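Comments concern the structure below.
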Amino acid sequence: MNGIQRKLLGDFSKDLFKGKVILLYGPRQCGKTTLVRQLIEKHGLDPVLLNGDDDLDVGVFQTVTASRWMQILGNKKSVFIDEGQKIPNLGRAVKLLVDSRPEIQVIVTGSSSFALANSMEEPLTGRKFAYRLFPLSYSELSEHFGFLEEKKNLELRLLYGSYPEVVLSGDEMKNTIKSIAESYLYRDLMQYEGIRKPALLEKLLKALALQCGSEVSTTELAGLLGVSRTLIESYLKILEQAFIIFPLNSYSTNQRNEIKKGVKYYFYDNGMRNAVLNDFTPISMRNDVGALWENYLVSERLKRNTYGRADGLPYFWRTTDQMEVDYIEVTGSKIEAFEFKWNPNKKSRVTKAFTNRYPDATVATITPDNYDEFCSPWEEPQYPGN
């Protein structure tokens, strides 16, 4: 990955050889394998390498016993299993190894939280460290390229996203993210057992891309696409488990006319969203810059909070008479409210409908001038007063 340092590398290093399996979830091609190989190189590990995409390796797990593990390991002290969600009975096999040889370090990656978790969670209760890896974060990119250079790259991130291969592909960013989307969305994803209507999945993705930043109704989607709401909900869950989209729920303390069960969906990566629509029109010529800006900020905040292990719970806020706050975080009794504005010269503030109800909340407007503070977990932000 050309020297781009991932934030999780330090956490991984601390967790080695503590008698627990390290699980790493995340989208395909977000850098999971590269991160593990960086860990291997940093600590001089010499692991047994197994891959869920290799039929021979998968076959190894059909009849795994303690003695078979000894044959597989030989004198090695670590095992790296890539794309583990494709290996049946993986959890039981790994538990057998951990129970019999706790000094062996097992590392497993997977690009489906559902398939890998189903296989691993119960057998490895209390025996694992679990992490999520995302496409490159603002902080990782800023540290690699430098603060000023990454600020200059902002429009590229809004258009093409932050997958490692995209970031490092120079003038080929558009072709690279289109290739990733083609292979991930329309080949790998179609192999999911629950996907029986590929054309429906494609239409659903486009509908979600067009509604990015807006409240989503599964009933309306079902009517639009001519299928049942139950089917829409099952496909949304698959897209979440494959790390394509994630939900943001509405916040309410049961005050009058607050939306209580609303949900928005965002893409983990802006480039993936634009690839779904096949729209890479320059920022200056687009009419959806607000949606792109909002998707970028919410996804970057997710990375920030996940890597920094922040306690704040994310929401949006809206009333039945259309008063809205783009994003809030609630930590205990503390509430932070944020409005997102692409044009820093356009006057904006968190609506008084919100601040009147929650007078102790801190409020801020996030623009291209100060977004680095919103996206970075390593400095106390100094947002201008609202």
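The values are calculated or read from the model by the stated rules, or taken from the named source; none is laboratory data. Treat the numbers as computed from the prediction; the structure is a model and nothing was measured. All Cβ positions, even for glycine, are placed from backbone atoms using ideal geometry, and neighbour counts span all protein chains on display. Just so you know, the surface numbers come from the protein's heavy atoms only, side chains and all, with ligands and any DNA or RNA stripped out. Shrake-Rupley method; radii C 1.70, N 1.55, O 1.52, S 1.80 Å.
Carbon and sulfur atoms: what percent of the 1.4 Å accessible area of the chain do they account for?
Carbon and sulfur: 47 percent of the exposed surface of the chain.
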Out of LEU210, PHE374, MET120 - ranked by how far each Cα lies towards the positive end of the dipole of the chain, with unit charges on the beta-carbon of charged residues - the top one is MET120
Here the gain from full extension of MET285 to SER252, 0.36 nm per residue of separation minus their alpha-carbon distance, amounts to 8.2 nm
The size of the Cβ-based charge dipole (Lys, Arg +1; Asp, Glu -1) of the chain about the Cα centre, to the nearest 20 debye, is 720 debye
Given a 1.4 Å probe, the accessible area of the chain per residue, as a whole number of Å², is 46 Å²
Under 5 Å from the placed amide H of GLU215, counting only residues 5+ away or on other chains, we find none
Here D for the chain, in µm²/s, from Stokes-Einstein with a Kirkwood Rh over Cα pairs at 20 °C and 1.002 mPa s, works out to 96 µm²/s
The simple spin-label model distance between GLU182 and LEU210, using points 7 Å out along Cα→Cβ, in nm, is 2.4 nm
Once both label points are put 7 Å beyond Cα along the C-beta direction, the GLU240-ASP53 separation in nm becomes 2.8 nm
Phi-derived 3J(HN,Hα) across segment 124-139 with the Karplus relation (6.51, -1.76, 1.60, θ = phi - 60°), rounded Hz, x for Gly and Pro, is 10, 4, x, 10, 8, 10, 10, 9, 10, 10, 10, x, 3, 8, 3, 5
Computed on Cα atoms only, the convex hull of segment 1-40 has an orientation-averaged projected area in nm² of 3.0 nm²
For the chain, longest principal axis from Cα atoms; helix 198-210 axis from its Cα atoms; angle between them, nearest 10 degrees, is 40 degrees
Straight-line reach check, LYS14, cutoff 19 Å on alpha carbons, 8 or more apart in-chain or any other chain, hits among lysines -> LYS32, LYS42, LYS77, LYS128
